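The values are calculated or read from the model by the stated rules, or taken from the named source; none is laboratory data. Owing to the predicted nature of the structure, the values given are computational and were not obtained by experimental measurement. Backbone-built Cβ (ideal geometry, glycine too); neighbour counts: all protein chains shown. Heavy atoms of the whole protein, side chains included, go into the accessibility calculation; ligands, DNA and RNA do not. Shrake-Rupley method; radii C 1.70, N 1.55, O 1.52, S 1.80 Å.
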Protein chains: 2
Amino acid sequence: MQIGELARSTGVKIETIRYYEREHLLPLPQRTEGNYRLYSPRHVEQLRFIRYCRSLDMSLEEVRILIGVLDTPSGSCLTVNALLDEKIAEVDARVNELHKLQDQLRQLRGFCQQPDEVKTCGILMELNRSAGIDKAQI
Amino acid sequence: MQIGELARSTGVKIETIRYYEREHLLPLPQRTEGNYRLYSPRHVEQLRFIRYCRSLDMSLEEVRILIGVLDTPSGSCLTVNALLDEKIAEVDARVNELHKLQDQLRQLRGFCQQPDEVKTCGILMELNRSAGIDKAQI
DNA sequence: CCTTGACCCTGAAGCCACTTCAGGCTTTTC
DNA sequence: GAAAAGCCTGAAGTGGCTTCAGGGTCAAGG
Ligand SMILES: [Zn+2]
Ligand SMILES: [Zn+2]
Ligand SMILES: [Zn+2]
Ligand SMILES: [Zn+2]
(Lines give C-alpha, C1' and ligand atoms only; values in the text may rest on other atoms or scores of the structure.)
(Ligands and ions follow the chains in the order given, each with its own letter.)
Protein backbone atom coordinates (compact mmCIF):
# COMPACT_ATOMS: atom_id res chain seq x y z
CA MET A 1 0.00 0.00 0.00
CA GLN A 2 1.59 3.29 -0.99
CA ILE A 3 1.18 6.66 0.65
CA GLY A 4 -1.75 7.87 -1.46
CA GLU A 5 -3.87 4.88 -0.60
CA LEU A 6 -2.97 5.16 3.09
CA ALA A 7 -3.99 8.80 2.94
CA ARG A 8 -7.32 8.01 1.28
CA SER A 9 -8.14 5.14 3.61
CA THR A 10 -7.47 7.15 6.76
CA GLY A 11 -8.42 10.66 5.67
CA VAL A 12 -4.99 11.93 6.63
CA LYS A 13 -3.10 14.15 4.21
CA ILE A 14 0.01 12.76 2.56
CA GLU A 15 2.13 15.59 3.93
CA THR A 16 0.87 14.89 7.43
CA ILE A 17 1.84 11.22 7.12
CA ARG A 18 5.34 12.19 6.04
CA TYR A 19 5.44 14.67 8.91
CA TYR A 20 4.53 11.96 11.43
CA GLU A 21 7.32 9.85 10.00
CA ARG A 22 9.83 12.66 10.47
CA GLU A 23 8.55 13.01 14.05
CA HIS A 24 9.06 9.29 14.69
CA LEU A 25 5.38 8.74 15.38
CA LEU A 26 5.11 6.22 12.56
CA PRO A 27 7.73 3.52 11.98
CA LEU A 28 9.76 3.85 8.80
CA PRO A 29 7.96 2.10 5.95
CA GLN A 30 9.61 -0.14 3.40
CA ARG A 31 10.51 1.37 0.05
CA THR A 32 10.00 0.21 -3.52
CA GLU A 33 12.82 0.21 -6.06
CA GLY A 34 11.66 3.62 -7.17
CA ASN A 35 11.87 4.85 -3.55
CA TYR A 36 8.13 4.99 -2.95
CA ARG A 37 6.97 4.31 0.60
CA LEU A 38 5.21 0.98 1.19
CA TYR A 39 2.91 0.64 4.18
CA SER A 40 1.61 -2.40 6.06
CA PRO A 41 -1.71 -2.84 7.92
CA ARG A 42 0.29 -2.16 11.09
CA HIS A 43 0.95 1.36 9.83
CA VAL A 44 -2.71 1.89 9.10
CA GLU A 45 -3.56 0.89 12.65
CA GLN A 46 -0.98 3.14 14.22
CA LEU A 47 -1.95 6.11 12.05
CA ARG A 48 -5.58 5.70 13.07
CA PHE A 49 -4.54 5.50 16.70
CA ILE A 50 -2.66 8.77 16.35
CA ARG A 51 -5.57 10.51 14.68
CA TYR A 52 -8.02 9.25 17.24
CA CYS A 53 -5.84 10.56 20.06
CA ARG A 54 -5.56 13.87 18.23
CA SER A 55 -9.33 14.01 17.95
CA LEU A 56 -9.33 13.74 21.75
CA ASP A 57 -7.19 16.89 21.78
CA MET A 58 -3.98 15.19 22.77
CA SER A 59 -0.71 16.73 21.70
CA LEU A 60 1.73 14.77 19.59
CA GLU A 61 3.98 14.62 22.62
CA GLU A 62 1.16 12.95 24.57
CA VAL A 63 0.52 10.57 21.70
CA ARG A 64 4.21 9.73 21.70
CA ILE A 65 3.94 8.87 25.40
CA LEU A 66 0.92 6.63 24.81
CA ILE A 67 2.67 4.83 21.98
CA GLY A 68 5.66 4.33 24.26
CA VAL A 69 3.40 2.88 26.97
CA LEU A 70 1.79 0.52 24.46
CA ASP A 71 5.23 -0.73 23.54
CA THR A 72 5.86 -2.00 27.08
CA PRO A 73 2.77 -4.16 27.70
CA SER A 74 3.95 -5.45 31.06
CA GLY A 75 4.33 -1.99 32.63
CA SER A 76 1.64 -0.22 34.64
CA CYS A 77 -0.85 2.18 33.12
CA LEU A 78 -0.55 4.87 35.79
CA THR A 79 0.88 7.27 33.22
CA VAL A 80 -2.16 6.82 31.03
CA ASN A 81 -4.55 7.57 33.85
CA ALA A 82 -2.60 10.65 34.88
CA LEU A 83 -2.50 11.88 31.31
CA LEU A 84 -6.24 11.47 30.92
CA ASP A 85 -7.01 13.16 34.23
CA GLU A 86 -4.91 16.14 33.25
CA LYS A 87 -6.54 16.30 29.85
CA ILE A 88 -10.00 16.21 31.41
CA ALA A 89 -9.07 19.05 33.75
CA GLU A 90 -7.71 21.08 30.85
CA VAL A 91 -10.84 20.64 28.78
CA ASP A 92 -13.09 21.49 31.72
CA ALA A 93 -11.12 24.66 32.32
CA ARG A 94 -11.31 25.61 28.66
CA VAL A 95 -15.06 25.03 28.57
CA ASN A 96 -15.50 27.33 31.55
CA GLU A 97 -13.45 30.01 29.86
CA LEU A 98 -15.48 29.70 26.69
CA HIS A 99 -18.75 29.91 28.59
CA LYS A 100 -17.66 33.22 30.04
CA LEU A 101 -16.53 34.32 26.64
CA GLN A 102 -19.94 33.46 25.18
CA ASP A 103 -21.63 35.67 27.74
CA GLN A 104 -19.25 38.54 27.10
CA LEU A 105 -19.60 38.32 23.34
CA ARG A 106 -23.40 38.15 23.41
CA GLN A 107 -23.60 41.07 25.78
CA LEU A 108 -21.26 43.06 23.58
CA ARG A 109 -23.26 42.21 20.49
CA GLY A 110 -26.35 43.61 22.20
CA PHE A 111 -24.84 47.08 22.27
CA CYS A 112 -25.49 47.57 18.57
CA GLN A 113 -28.93 46.42 17.49
CA GLN A 114 -28.96 48.08 14.11
CA PRO A 115 -25.81 49.31 12.44
CA ASP A 116 -25.11 53.00 12.89
CA GLU A 117 -22.09 55.17 12.29
CA VAL A 118 -18.80 53.97 13.69
CA LYS A 119 -18.49 56.90 16.04
CA THR A 120 -21.76 56.08 17.81
CA CYS A 121 -21.57 52.29 17.60
CA GLY A 122 -22.34 50.77 20.97
CA ILE A 123 -20.03 47.83 20.38
CA LEU A 124 -17.00 49.96 19.71
CA MET A 125 -17.80 52.28 22.59
CA GLU A 126 -18.16 49.30 24.89
CA LEU A 127 -14.92 47.75 23.66
CA ASN A 128 -13.06 50.93 24.47
CA ARG A 129 -14.81 51.29 27.81
CA SER A 130 -14.04 47.72 28.87
CA ALA A 131 -10.40 48.04 27.87
CA GLY A 132 -10.24 51.09 30.12
CA ILE A 133 -11.91 49.34 33.03
CA ASP A 134 -9.51 46.43 32.81
CA LYS A 135 -6.86 49.03 33.31
CA ALA A 136 -8.39 50.17 36.56
CA GLN A 137 -8.90 46.65 37.83
CA ILE A 138 -5.34 45.45 37.29
CA MET B 1 7.02 56.54 29.27
CA GLN B 2 9.42 53.88 28.08
CA ILE B 3 8.70 50.32 27.16
CA GLY B 4 9.28 48.79 30.60
CA GLU B 5 6.75 51.05 32.25
CA LEU B 6 4.23 50.42 29.47
CA ALA B 7 4.74 46.71 29.98
CA ARG B 8 4.26 46.96 33.75
CA SER B 9 1.20 49.17 33.51
CA THR B 10 -0.58 46.93 31.02
CA GLY B 11 0.71 43.50 32.00
CA VAL B 12 1.95 42.92 28.45
CA LYS B 13 5.46 41.59 27.93
CA ILE B 14 8.04 43.88 26.38
CA GLU B 15 8.68 41.45 23.56
CA THR B 16 4.97 41.31 22.80
CA ILE B 17 4.81 45.09 22.59
CA ARG B 18 7.69 45.14 20.14
CA TYR B 19 5.99 42.33 18.22
CA TYR B 20 2.79 44.36 17.91
CA GLU B 21 4.84 47.25 16.62
CA ARG B 22 6.40 45.05 13.94
CA GLU B 23 2.89 43.91 13.03
CA HIS B 24 1.69 47.49 12.70
CA LEU B 25 -0.86 47.10 15.47
CA LEU B 26 0.72 49.89 17.49
CA PRO B 27 1.83 53.17 15.93
CA LEU B 28 5.58 53.81 15.91
CA PRO B 29 6.60 55.47 19.17
CA GLN B 30 8.97 58.40 19.43
CA ARG B 31 12.57 57.64 20.30
CA THR B 32 14.99 59.18 22.76
CA GLU B 33 18.48 60.20 21.75
CA GLY B 34 19.69 56.81 22.94
CA ASN B 35 17.10 55.12 20.67
CA TYR B 36 14.76 54.07 23.48
CA ARG B 37 11.06 53.91 22.61
CA LEU B 38 8.87 56.63 24.16
CA TYR B 39 5.16 55.98 24.51
CA SER B 40 2.19 58.31 24.94
CA PRO B 41 -1.12 57.69 26.74
CA ARG B 42 -2.56 57.05 23.28
CA HIS B 43 -0.33 54.01 23.01
CA VAL B 44 -1.43 52.73 26.39
CA GLU B 45 -5.05 52.99 25.30
CA GLN B 46 -4.49 51.18 22.03
CA LEU B 47 -2.45 48.43 23.67
CA ARG B 48 -5.22 47.84 26.19
CA PHE B 49 -7.74 47.75 23.37
CA ILE B 50 -5.70 45.09 21.60
CA ARG B 51 -5.36 42.97 24.73
CA TYR B 52 -9.05 43.25 25.51
CA CYS B 53 -9.94 42.11 22.02
CA ARG B 54 -7.46 39.23 22.36
CA SER B 55 -9.12 38.26 25.63
CA LEU B 56 -12.33 37.97 23.59
CA ASP B 57 -10.49 35.44 21.41
CA MET B 58 -10.13 37.71 18.42
CA SER B 59 -7.21 37.14 16.10
CA LEU B 60 -4.70 39.90 15.48
CA GLU B 61 -6.09 40.14 11.97
CA GLU B 62 -9.53 40.83 13.43
CA VAL B 63 -8.08 43.36 15.83
CA ARG B 64 -6.40 45.02 12.87
CA ILE B 65 -9.80 45.27 11.18
CA LEU B 66 -11.40 46.82 14.27
CA ILE B 67 -8.61 49.35 14.59
CA GLY B 68 -9.10 50.21 10.93
CA VAL B 69 -12.83 50.72 11.51
CA LEU B 70 -12.16 52.95 14.49
CA ASP B 71 -9.95 55.08 12.29
CA THR B 72 -12.86 55.97 10.00
CA PRO B 73 -15.46 57.24 12.49
CA SER B 74 -17.96 58.30 9.84
CA GLY B 75 -18.22 54.85 8.24
CA SER B 76 -20.82 52.24 9.16
CA CYS B 77 -20.23 49.56 11.74
CA LEU B 78 -21.63 46.69 9.69
CA THR B 79 -18.20 45.07 9.62
CA VAL B 80 -18.04 45.09 13.40
CA ASN B 81 -21.41 43.42 13.73
CA ALA B 82 -20.51 40.77 11.17
CA LEU B 83 -17.21 40.10 12.89
CA LEU B 84 -18.89 39.65 16.25
CA ASP B 85 -21.61 37.40 14.85
CA GLU B 86 -19.00 35.19 13.26
CA LYS B 87 -16.99 35.10 16.46
CA ILE B 88 -20.05 34.13 18.50
CA ALA B 89 -20.83 31.32 16.06
CA GLU B 90 -17.23 30.10 16.25
CA VAL B 91 -17.21 30.04 20.03
CA ASP B 92 -20.57 28.27 20.17
CA ALA B 93 -19.28 25.64 17.78
CA ARG B 94 -16.13 25.18 19.81
CA VAL B 95 -18.09 24.83 23.04
CA ASN B 96 -20.20 22.11 21.46
CA GLU B 97 -17.08 20.29 20.32
CA LEU B 98 -15.58 20.49 23.76
CA HIS B 99 -18.76 19.23 25.40
CA LYS B 100 -18.58 16.13 23.24
CA LEU B 101 -14.91 15.81 24.04
CA GLN B 102 -15.65 16.00 27.77
CA ASP B 103 -18.11 13.14 27.45
CA GLN B 104 -15.65 11.05 25.47
CA LEU B 105 -12.78 11.66 27.83
CA ARG B 106 -14.82 10.89 30.94
CA GLN B 107 -16.18 7.73 29.41
CA LEU B 108 -12.69 6.68 28.41
CA ARG B 109 -11.37 7.40 31.87
CA GLY B 110 -14.02 5.09 33.29
CA PHE B 111 -12.49 2.11 31.53
CA CYS B 112 -9.64 1.96 34.02
CA GLN B 113 -10.77 2.32 37.61
CA GLN B 114 -7.61 1.13 39.25
CA PRO B 115 -4.32 0.97 37.39
CA ASP B 116 -3.46 -2.46 36.04
CA GLU B 117 -0.92 -3.73 33.56
CA VAL B 118 -0.68 -1.96 30.24
CA LYS B 119 -1.78 -5.00 28.29
CA THR B 120 -5.10 -5.24 30.16
CA CYS B 121 -5.73 -1.52 30.65
CA GLY B 122 -9.26 -0.67 29.65
CA ILE B 123 -8.29 2.79 28.48
CA LEU B 124 -5.69 1.57 26.04
CA MET B 125 -7.94 -1.20 24.79
CA GLU B 126 -10.72 1.27 24.27
CA LEU B 127 -8.42 3.70 22.48
CA ASN B 128 -7.41 1.00 20.04
CA ARG B 129 -10.98 -0.19 19.61
CA SER B 130 -12.29 3.32 18.91
CA ALA B 131 -9.55 4.02 16.40
CA GLY B 132 -10.62 0.84 14.60
CA ILE B 133 -14.29 1.75 14.66
CA ASP B 134 -13.59 5.17 13.22
CA LYS B 135 -12.01 3.28 10.36
CA ALA B 136 -15.22 1.34 9.70
CA GLN B 137 -17.39 4.47 9.91
CA ILE B 138 -15.45 6.59 7.42
C1' DC C 1 36.54 58.29 36.25
C1' DC C 2 35.06 53.86 36.11
C1' DT C 3 32.29 50.04 36.93
C1' DT C 4 28.11 47.75 38.07
C1' DG C 5 23.48 46.80 37.17
C1' DA C 6 19.06 47.95 35.33
C1' DC C 7 17.19 48.93 31.24
C1' DC C 8 16.97 48.99 26.37
C1' DC C 9 18.11 47.69 21.28
C1' DT C 10 18.12 44.42 16.93
C1' DG C 11 17.65 40.33 14.17
C1' DA C 12 17.10 35.57 14.17
C1' DA C 13 15.34 31.31 15.69
C1' DG C 14 12.10 28.35 18.32
C1' DC C 15 7.33 26.70 19.61
C1' DC C 16 3.17 23.40 17.67
C1' DA C 17 1.03 20.77 14.20
C1' DC C 18 0.88 21.01 10.35
C1' DT C 19 0.61 23.13 5.25
C1' DT C 20 2.60 24.90 1.20
C1' DC C 21 6.10 25.46 -2.09
C1' DA C 22 9.86 24.60 -5.40
C1' DG C 23 11.85 21.51 -8.17
C1' DG C 24 12.48 17.01 -9.66
C1' DC C 25 11.87 11.64 -10.14
C1' DT C 26 8.71 7.23 -11.27
C1' DT C 27 5.01 4.88 -13.02
C1' DT C 28 0.87 4.38 -15.57
C1' DT C 29 -2.00 5.38 -19.47
C1' DC C 30 -3.08 6.78 -24.14
C1' DG D 1 6.80 8.69 -26.71
C1' DA D 2 4.44 11.97 -24.20
C1' DA D 3 1.18 13.46 -20.93
C1' DA D 4 -0.81 12.71 -16.46
C1' DA D 5 -0.86 11.01 -12.01
C1' DG D 6 1.71 9.84 -8.35
C1' DC D 7 5.66 10.18 -5.56
C1' DC D 8 10.20 12.24 -3.59
C1' DT D 9 13.08 15.86 -0.73
C1' DG D 10 14.19 19.95 1.79
C1' DA D 11 12.85 24.40 2.99
C1' DA D 12 9.79 27.88 4.32
C1' DG D 13 5.26 29.63 5.95
C1' DT D 14 1.24 29.82 9.45
C1' DG D 15 -0.20 32.50 14.28
C1' DG D 16 1.00 34.69 18.28
C1' DC D 17 4.01 35.10 20.47
C1' DT D 18 8.75 33.67 23.36
C1' DT D 19 13.54 33.05 23.67
C1' DC D 20 18.18 33.80 22.46
C1' DA D 21 22.63 35.96 21.13
C1' DG D 22 25.08 39.84 21.20
C1' DG D 23 25.17 44.00 21.87
C1' DG D 24 24.22 49.60 23.36
C1' DT D 25 22.46 53.34 27.11
C1' DC D 26 22.06 55.33 31.46
C1' DA D 27 21.89 56.36 36.51
C1' DA D 28 24.07 55.31 40.95
C1' DG D 29 28.00 54.00 43.86
C1' DG D 30 33.02 53.51 44.92
ZN1 LIG E 1 -22.16 24.39 28.53
ZN1 LIG F 1 -22.78 49.49 15.66
ZN1 LIG G 1 -22.07 17.15 27.63
ZN1 LIG H 1 -5.38 1.13 33.12
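All other residues whose Cβ lies under 10 angstrom from that of A:SER76 are scored, Lys and Arg at +1 and Asp and Glu at -1, for a net of -2.
Neighbouring Cβ atoms from other chains, within 10 Å of the Cβ of residues in A:69-78, number 5 on average. Give the longest segment of chain A that steers clear of GluC sites (Glu not before Pro) in DSSP loops with at most 16 neighbouring Cβ atoms within 10 Å, not counting the sites themselves. Answer - A:34-138. Which percent of the accessible area of chain A is formed by carbon and sulfur heavy atoms (probe 1.4 angstrom)? Carbon and sulfur together cover 52 percent of it.
Build a GNM of chain A with springs between Cα atoms under 10 Å: which of A:TYR20, A:TYR36, A:TYR52 gets the top mean-square fluctuation? Greatest mean-square fluctuation among the candidates belongs to A:TYR36.
A simple charge model with +1 on the Cβ of Lys and Arg, -1 on the Cβ of Asp and Glu and nothing else charged puts the dipole of the protein assembly as shown at about 320 debye relative to its Cα centre.
Can you give the accessible area buried between chains A and B, summed over both chains, with a 1.4 Å probe, in Å² to the nearest 100? Counting both chains, the buried surface is close to 5100 Å². Ordering A:ASP85, B:ASP71 by accessible surface, largest first, gives B:ASP71, A:ASP85; the 1.4 Å probe counts only protein heavy atoms, with every chain in place.
With a threshold of 31 Å on the Cα-Cα distance, the over-threshold entries among A:LYS13/A:LYS100; A:LYS13/B:LYS13; B:LYS13/B:LYS100; A:LYS87/B:LYS119 are A:LYS13/A:LYS100; A:LYS13/B:LYS13; B:LYS13/B:LYS100. Taking Cα centre as origin and charging only the Cβ of basic (Lys, Arg, +1) and acidic (Asp, Glu, -1) residues, the dipole magnitude of the range B:1-49 rounds to 40 debye. Taking all protein chains into account, the per residue accessible area for the range B:21-138 stands at 57 Å² (1.4 Å probe).
Peptide B:114-121 is shielded by partner chain Cβ atoms: per residue, an average of 6 of them sit within 10 Å of its Cβ. Candidates A:TYR19, B:LEU6, A:LEU98 compared by Cα position along the dipole of the protein assembly as shown: farthest toward the positive end lies A:TYR19, with charges placed on Cβ. Among the trypsin sites (Lys or Arg not before Pro) in the range B:1-74, those located in a DSSP loop and surrounded by at most 15 other Cβ atoms within 10 Å of their own Cβ are B:LYS13.
Near the amide H of A:ASP116, within less than 5 Å, lie the amide hydrogens of B:CYS77, all on another chain or at least 5 residues away, with H placed in the peptide plane. Between A:ASN35, A:GLN114, A:ALA82, the Cα set farthest toward the positive side of the dipole of chain A (charges on each charged residue's Cβ, about the Cα centre) is that of A:ASN35.
Taken over chain B, the alpha-carbon convex hull comes to 199 cubic angstrom per residue.
For the residues of A:92-103, the average number of beta carbons from a partner chain within 10 Å of their own beta carbon is 4. One Cα centroid belongs to the range B:69-104, the other to the range A:88-116; the line between them spans 9 Å.
Across chain B, Cα pairs under 8 Å and at least six residues apart give a relative contact order of 13 percent. In a reduced charge model with +1 at each Lys and Arg Cβ and -1 at each Asp and Glu Cβ, chain B shows a dipole moment near 360 debye about its Cα centre.
Listed as lacking a disulfide-compatible partner in chain A: A:CYS53, A:CYS112, by the criterion of no other cysteine Cβ under 4.7 Å.
Surface listing: B:MET1, A:MET58 arranged by accessible area from highest to lowest gives B:MET1, A:MET58, probe 1.4 Å.
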